[in-house]
Amino acid sequence: MEITINILLTIATAATPLLVAAIGELVVERSGVLNLGVEGMMIMGAVGGFGVGYLTGSPWLGLVAAIVVGAVFSLLFAVMTLSLATNQVATGLSLTLLGLGLSGMIGTGFVGLPGVRLPDLHIPLLIDLPIVGKLVFGQDPVFYISILLIFAVAWFLFRTRTGLTLRSIGDSHTSAHALGIQVIRYRYLAVIFGGACAGLAGGQLSLVYTPQWVENMSAGRGWIALALVVFASWRPWRVLAGAYIFGAVWIGQLHAQAFGIPVPSQLLSSLPYLATVVVLVLISRNKRLTMMNTPASLGQPFVPDR
Amino acid sequence: MKKLLIAMMTTAAALSMAVTAEAADKLKACWVYVGPIGDFGYSYQHDQGRLHAEKELGDKIETAYLENVSEGPDADRAFERLAREGCKIIFGTSFGFMDPMVKVAKKFPDIKFEHATGYKTSENLGVYNARFYEGRYVMGQIAAKMSKTGVAGYIVSFPIPEVVMGIDAFMLGAQSVNPDFKLKIVWVNSWFDPGKEADAAKALFDQGADIITQHTDSTAALQVAEERGLKGFGQSSDMIKFAPNAQLTSNTDNWGPYYVERLKAVLDGTWKTDNVWLGIKDGAVELSPFTNMPDDVKAMAEATKKKIADGWNPFTGPVFKQDGSQWLKDGEVADDGTLLGLNFYVKGVDDKLPQ
Amino acid sequence: MRLELVKRPQRSALFSALSPFIAFALTLIAGAILFALLGIDPVSAFYTYFISPISEVWQLHELAIKAAPLILIAVGLSVCYRANIWNIGAEGQFTLGAIVGSMVPVLYPELEGPIVLPLMLLMGMIGGGLYAAIPAYLKARFNTNEILTSLMLVYVSQLFLDWLVRGPWRDPQGHGFPQTVQFNDSAILPELMPASGRANWGFVFALVAAVVVWIMMSRMLKGFEVRVLGSSPRAGRFAGFGLNRMIFFAFILSGALAGLAGISVVSGEINQLKPVISPGYGFAAIIVAFLGRLNPLGIVAAGLVLALTYLGGEAAQTALGVSDKVARVFQGMLLFFVLGCDTLIHYRIRLVGLRAKAPAPDPATAGKLGEAH
């Protein structure tokens, strides 16, 4: 029993950064913008979070800094793609490139310093519940935030007027504009929200997952988050499911190895990626369903006519 | 605008000429690293070696380096660039640089090349390596003494001889204390992914290991040990700051003395190609202070370390292979050639070596 | 104050020509600030970055070597992107091309003669093309998002290469290290001018591919089909063009070119397979494709420029002690300025003061007004 709970806890820690970054990107993509710079924003959040956490000694301030850094960095993408209508794919990739370089530059002095860890938040009484206690009520703060984010985004997108507006922009920015909606303003806010989430995910890496700073420590997680959004066909709850399935396969293969299952480790390592492809195929076979959820104007630049 | 540009360029050209002229009487020594010097692991330690040499030799040398050089097609250019920019001796610190170095060394016979962890040498290409397995044997002994469950977890990157050697030495050390000792192995297929290393450490702990060691570069696994109140070993650098209550010792690379020695040889004009494999006795492999263990374990570790420094090889028979066949007869010592190409486990390792 | 874009009636030839220079000037200014902040003399930094890499013959060769795979891959990708098909897995197709092409010298090391090299190149193209056909098939058949599948297949291909060179294809004489046998001489792509540097035929392939694709895109029906389907699949269908056929065509073409780049790099420079054969060419090529404005000839220029920044970054590391990170930041800045300035080709930029802002236009007339501009 103990081991199952531990495994589940490990999965939760591994899935949380993916989940947080993906839910942010989901909102961005729902507004019709494709930001491939998640990896760059994440690593900037990681270095910002570590730096402020280390210098002030407060992991909480570090976490706030991670969010702010991610949001500010995403603003660069927003200005380029929204105000200057540059190509989103190229700008996003450049953002990742810049983020990896800039974070390394900023973080030069942080290498080899032990960071501060965000303490777990144990919710009294509830944590003593059998099984679910530790799993649901004895986790780190970012875990709770990630779950709240899913609730909040699901509610916002599908239960509020503003959410409806945002989705309509993603589906057709020209008709939204014709209805007098401030397309660019909405998209700015969406991109900044996505940046804040990616920054938070980065903060989780350097303040919870592995409290330290090293170059390139995001190690491709931003890309996985991007995959999760499509995997979830732009549905918040499916992002949750996807992140945890991915985390389970990821942790499962490590356990399989420790258990001594004689399969080439490269095959095991590629399982999460193959699984993503298979699930993507399964989901997209239902053509009507995906067409319905895919933001139709995703990735297309928009310039309001005057 | 155009005039200004031309003026700028002339100044720049003049400046760069001035720099070269001034530097002419210094020995220029250069390094090529495979990772970022900020990895706090392998490349970081080599760069510490470079800084050590700078401090020791002062204004007799000047140094330059290229970091993050991919082992693929960029490596040729990196070495060629350094050779053409006046470096008199160039250290390449990763195995994957071997063939590019062979090629470039042939092209520049007057420049000295030194390649870490390879096996191809020539007139102006030397090879150097460190016997990290010596430290790992000591670590294995400590692990067997300290473990309550009799199981250690071992996180590894890629199945190359260097890594296999480490696993085997660790196991032999552990078995010398506890013949039934168990070792669980997880390959993460990366030198560097702190998150994945942490996950692997958790998986190994969950499956009953209570001591962790790793042949990957980050401090993540040790931090997990610290959080869980268990024990572990550092790698490459002294990681005690990250795990003050968990680190037993750390197997550190200390390249500084070797770099100083080789640079002095170039300065004296006595440099010759060589193939050296340095160990504890040369100071290239250092075990950071033994901590978080009772005195008797510490005494045993010190004794073993001294025995190795005095010339004893952990790969001394009788040693059996994983399949049960005898590898080394009683008292037989493994020769360096076999060790450098090691691709099998010793008896008792519970894993199939990826082939 | 806010920025406002006004679409030009047609693309501006003036800014089309001028924008790279404006971008370059802006990069110089921002770079000067960056370097000055870091305590590096900006003048010598710029000299090292942009002039020193092209001031010596051997470096020109290196420039060609570095640019060749970028151009080859980006030219193929430009066709995809023009057709509105998002292949971002070129790195994987590069890897598979290298693997399949290397089957000849690795599995039949004794095979020699003039047939070996063409066979390898052909197999490399087939390998890359077939690997690209996987996301194409999934997209055409199941409507699966190709951005993700092609990206996931990158990771899978790298692990597959890793498994090969550590396992079945490992050189038995290689002391257990992860690498295949060295290719024999007839499996090595010859150098163009061995006397002066290392540049090999890969660069020629890149130029030829760029010209051929340029002709196809601008002079042939196929290019027209790509553009029509890319801008409006509906119109394409009315014209009788098949979208699914186009998906396969674009993917396989770009995959084959990426595969050719892969086998060229392995055969021309590395001469064996190793776990790492690419410093991220497949991803950098995406940027090159856009920097070149998806025009094959523009891509040649863009590939050379990006290669220059890599070389310049290395030169700055050794000559000035500028760290690798600064080099990357500088590269990122250049990319942002180039992308931003290209906006000027299609739009005029107006600064609008908040007070001067006209009352919100009636949405019904706004569209028409826009068209009338």
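The values are calculated or read from the model by the stated rules, or taken from the named source; none is laboratory data. Only a predicted model underlies this, so the values are computations on that prediction, with no experimental measurement involved. Positions of Cβ are backbone-derived with ideal geometry, glycine not excepted, and every protein chain shown enters the neighbour counts.
Table: residues versus (1) of a type in the set (A, V, I, L, M, F, W, C); (2) more than 14 Å from C:Gly303 (Cβ to Cβ); (3) at pLDDT below 95; (4) touching a strand residue (DSSP E or B) at 6+ places or on another chain (Cβ under 9 Å).
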site: C:Gln59; (1), (2), (3), (4): no, yes, yes, no
site: C:Glu62; (1), (2), (3), (4): no, no, yes, no
site: C:Leu70; (1), (2), (3), (4): yes, no, no, no
site: C:Leu77; (1), (2), (3), (4): yes, no, no, no
site: C:Val104; (1), (2), (3), (4): yes, yes, yes, no
site: C:Tyr108; (1), (2), (3), (4): no, yes, yes, no
site: C:Glu112; (1), (2), (3), (4): no, yes, yes, no
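Residue by residue through region A:214-253, note down the ones that are more than 9 Å from chain B (Cβ to nearest Cβ), closer than 16 Å to A:Asn35 by Cβ and of a type outside the set (Gly, Ala, Ser).
The answer is A:Trp223, A:Ile224, A:Leu226, A:Leu228, A:Val229, A:Val230, A:Trp234, A:Val239.
Only residues that are closer than 30 Å to C:Ile40 by Cα, among the aromatic types (Phe, Trp, Tyr) and surrounded by 15 or more Cβ atoms within 10 Å (Cβ to Cβ): list them for region C:1-28, please.
Hit for region C:1-28 is C:Phe24, nothing else.
Condition (residue is in contact (Cβ under 8 Å) with a residue 40 or more places away in the chain, within 14 Å of chain C (Cβ to nearest Cβ), closer than 17 Å to B:Val188 by Cβ and buried (at least 20 other Cβ atoms within 10 Å of the Cβ)) applied to region A:282-303: is it met by at least one residue?
Within region A:282-303 (the criterion being in contact (Cβ under 8 Å) with a residue 40 or more places away in the chain, within 14 Å of chain C (Cβ to nearest Cβ), closer than 17 Å to B:Val188 by Cβ and buried (at least 20 other Cβ atoms within 10 Å of the Cβ)), the answer is no, since none of the residues qualifies.
Return only the number of the condition from (1) more than 10 Å from every other protein chain (Cβ to nearest Cβ); (2) under 23 Å from the mean Cα position of the chain (by Cα); (3) small (Gly, Ala, Ser); (4) outside any strand (DSSP E or B) that B:Gly38 does not satisfy.
(1)
Taking the condition β-branched (Val, Ile, Thr) and closer than 30 Å to C:Val57 by Cα, does C:Val212 pass?
Criteria met by C:Val212.
Answer yes or no: is there a residue in region A:265-287 that is within 28 Å of A:Asp171 (Cβ to Cβ), modelled with pLDDT under 80 and among the charged types (D, E, K, R).
So far as region A:265-287 goes, yes, one or more of its residues are within 28 Å of A:Asp171 (Cβ to Cβ), modelled with pLDDT under 80 and among the charged types (D, E, K, R).
Just checking: which of the helices (runs of 4 or more DSSP H) contained wholly in region C:21-137 hold 1 or more residues that are free of Cβ contacts under 8 Å to residues at least 40 places away in the same chain and over 24 Å from the mean Cα position of the chain (by Cα)?
Passing ranges, in order: C:42-46, C:90-107.
If a residue has to be at the interface with chain A (Cβ under 10 Å from one of its Cβ atoms) and more than 23 Å from C:Leu96 (Cα to Cα) to count, how many in region C:269-301 make the cut?
Final tally of qualifying residues: 4.
For region C:122-165, how many residues meet the condition of being facing chain A (nearest Cβ under 8 Å) and either under 9 Å from C:Phe251 (Cβ atoms) or among the charged types (D, E, K, R) (or both)?
Total meeting the criteria: 1.
Take region A:257-270 and flag every residue that is surrounded by 18 or more Cβ atoms within 10 Å (Cβ to Cβ) and more than 7 Å from every other protein chain (Cβ to nearest Cβ).
Once the filter is applied, which keeps residues that are surrounded by 18 or more Cβ atoms within 10 Å (Cβ to Cβ) and more than 7 Å from every other protein chain (Cβ to nearest Cβ), region A:257-270 yields only A:Leu268.
Check region B:220-235 and report whether any residue there is farther than 18 Å from A:Gln257 by Cα and within 7 Å of chain A (Cβ to nearest Cβ).
Yes, there is a match, as at least one residue in region B:220-235 is farther than 18 Å from A:Gln257 by Cα and within 7 Å of chain A (Cβ to nearest Cβ).
Within the bounds of region B:181-195, is there any residue that is in contact (Cβ under 8 Å) with a residue 60 or more places away in the chain and away from chain A (no Cβ under 13 Å)?
Looking through region B:181-195, at least one residue is in contact (Cβ under 8 Å) with a residue 60 or more places away in the chain and away from chain A (no Cβ under 13 Å).
Restricting to region C:29-41, what's the tally of residues that are surrounded by 15 or more Cβ atoms within 10 Å (Cβ to Cβ) and either farther than 18 Å from A:Gly101 by Cβ or in contact with an Asp or Glu (Cβ under 8 Å, 6 or more places away or on another chain) (or both)?
Final tally of qualifying residues: 2.
Given (1) under 15 Å from the mean Cα position of the chain (by Cα); (2) more than 14 Å from chain C (Cβ to nearest Cβ), where does A:Met41 come up short, assuming only one miss?
(2)
So, in region C:278-300, exactly how many residues are touching a residue at least 24 places away in the same chain (Cβ under 8 Å) and over 20 Å from B:Pro36 (Cβ atoms)?
16
Please enumerate the residues belonging to region B:170-225 that are in contact with a Gly (Cβ under 9 Å, 6 or more places away or on another chain), over 14 Å from B:Lys148 (Cα atoms) and among the β-branched types (Val, Ile, Thr).
Answer for region B:170-225, where residues must be in contact with a Gly (Cβ under 9 Å, 6 or more places away or on another chain), over 14 Å from B:Lys148 (Cα atoms) and among the β-branched types (Val, Ile, Thr): B:Ile185, B:Val186, B:Thr213, B:Thr216, B:Thr219, B:Val224.
Which is of a type outside the set (Val, Ile, Thr), at pLDDT 90 or above and surrounded by fewer than 21 Cβ atoms within 10 Å (Cβ to Cβ), of B:Glu80, B:Glu54, B:Glu22?
B:Glu54
Consider C:Ser196 against the criteria (1) assigned to a loop (DSSP other than H, G, I, E, B); (2) in contact with a strand residue (DSSP E or B) (Cβ under 8 Å, 6 or more places away or on another chain); (3) not aromatic (Phe, Trp, Tyr): it satisfies all of them except one. Which criterion is unmet?
That leaves (2) as the condition not met.
Yes/no matrix, rows are residues, columns are (1) surrounded by 21 or more Cβ atoms within 10 Å (Cβ to Cβ); (2) within 9 Å of chain C (Cβ to nearest Cβ); (3) touching a Pro at 6+ places or on another chain (Cβ under 7 Å):
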position: A:Thr86; (1), (2), (3): yes, yes, no
position: A:Gly92; (1), (2), (3): yes, no, no
position: A:Gly104; (1), (2), (3): yes, yes, yes
position: A:Gly109; (1), (2), (3): no, no, no
position: A:Leu125; (1), (2), (3): no, no, no
position: A:Asp128; (1), (2), (3): no, no, no
position: A:Ser146; (1), (2), (3): yes, no, no
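When only residues in region C:177-192 that are of a type in the set (A, V, I, L, M, F, W, C) and more than 25 Å from the chain's Cα centre (by Cα) count, which is farthest from the other protein chains (Cβ to nearest Cβ)?
Out of the qualifying residues, it is C:Ala187.
Among (1) closer than 19 Å to A:Ser233 by Cα; (2) of a type in the set (Phe, Trp, Tyr); (3) in contact (Cβ under 8 Å) with a residue 24 or more places away in the chain, there is one condition A:Phe193 misses while meeting the rest; what is its number?
(1)
Please find, among B:Ala284, B:Ala301, the residue that is buried (at least 18 other Cβ atoms within 10 Å of the Cβ), within 23 Å of B:Asn129 (Cα to Cα) and at pLDDT 90 or above.
B:Ala284
Can you tell me which of A:Gly48, A:Gly24 is within 17 Å of A:Ile147 (Cα to Cα), of a type outside the set (Lys, Arg) and more than 14 Å from chain B (Cβ to nearest Cβ)?
Exactly one residue qualifies, and that residue is A:Gly24.
In region B:305-355, which residue that is hydroxyl-bearing (Ser, Thr, Tyr) and more than 14 Å from chain C (Cβ to nearest Cβ) is surrounded by the fewest Cβ atoms within 10 Å (Cβ to Cβ)?
Among residues in region B:305-355 that are hydroxyl-bearing (Ser, Thr, Tyr) and more than 14 Å from chain C (Cβ to nearest Cβ), the one surrounded by the fewest Cβ atoms within 10 Å (Cβ to Cβ) is B:Ser325.
Could you please find all residues in region C:318-373 being part of a helix (DSSP H, G or I) and either on the phi > 0 side of the Ramachandran plot or at pLDDT below 50 (or both)?
C:Pro363, C:Ala364, C:Thr365, C:Ala366, C:Gly367, C:Lys368, C:Leu369, C:Gly370, C:Glu371, C:Ala372
Considering only residues that are in contact with a strand residue (DSSP E or B) (Cβ under 6 Å, 6 or more places away or on another chain) and in contact (Cβ under 8 Å) with a residue 40 or more places away in the chain, which ones fall in region B:80-103?
Passing the criteria: B:Leu82, B:Gly86, B:Cys87, B:Lys88, B:Ile89, B:Ile90, B:Phe91, B:Gly92, B:Thr93.
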